[in-house]
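Asks: Before we start, here is the structure in question, set down as structure tokens.
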Amino acid sequence: MDRTAARDILPGVTITDSAGPGPRLPAPALPPGAVAGSPVESFVGGPWSLPWSPTACSSARSVIRDVLRQWDLDDLVPTAELLASELVSNALRHSSGPLRLTLERVSGLRCLVSDGTADLPRPADAGPDDESGRGLLLVDMLAARWGCEVGPEGKNVWFELSGDAGDPCARGGVV
């Protein structure tokens, strides 16, 4: 994982999120034999294809709300929604399709946003008057871990939030 890999920012490109809800994407069922709230072995939800439009952020948030509630990870919803929106916005602004969201239930949550380019993101050095450039800083501050993986069809940018209610910093909370 190299958090400082070179990536040119596209000047003048702005992606805004729509205020309305995105299309409802189906949430995965718990695996056979799993009970919400009980210790769960790793399993995966998705990938869900997201539209290549500003509605992709609201679609991702909708999936996260539905899935995390089903997986009994309600406390992680606000942070997961924020960080996934940042990664989806970055993909829309700096990459090309296809755009996908995958959620993995491990001890907490791993969220992957996939796009069709191998260009790795890099945190921007945003000044106090800049209107953008702080998304990866938020991811770095709030996620337990995050990183990038390049594959044959593009890249995954991912973050993890801990499901350990006793450790607010590890799950992306604020002390």
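Derivation of every value follows stated rules applied to the coordinates shown; laboratory data play no part. Keep in mind it's a predicted model, so treat the numbers as computed, not measured.
Asks: Applying the Karplus parametrisation 6.51 cos²θ - 1.76 cosθ + 1.60 with θ = phi - 60° to the phi angles of segment 96-107, what ³J(HN,Hα) value in whole Hz is obtained for each residue in order, glycine and proline being reported as x?
Replies: For segment 96-107, the Karplus-derived couplings read 9, x, x, 10, 9, 10, 10, 10, 10, 8, 10, 5 Hz, x marking Gly and Pro.
Asks: Oh, and also: If Rh is defined by the Kirkwood formula over all Cα pairs and Rg also comes from Cα, what ratio Rg/Rh do you get for segment 86-138?
Replies: On the way: Rg = 12.9 Å, Rh = 12.5 Å.
We get a ratio of 1.03 for segment 86-138.
Asks: What is the projected area of the convex hull of the Cα atoms of segment 46-163, averaged over all directions, in nm²? Don't skip to the answer; put the middle values down first.
Replies: Details: hull surface 27.7 nm².
Projected area, direction-averaged: 6.9 nm².
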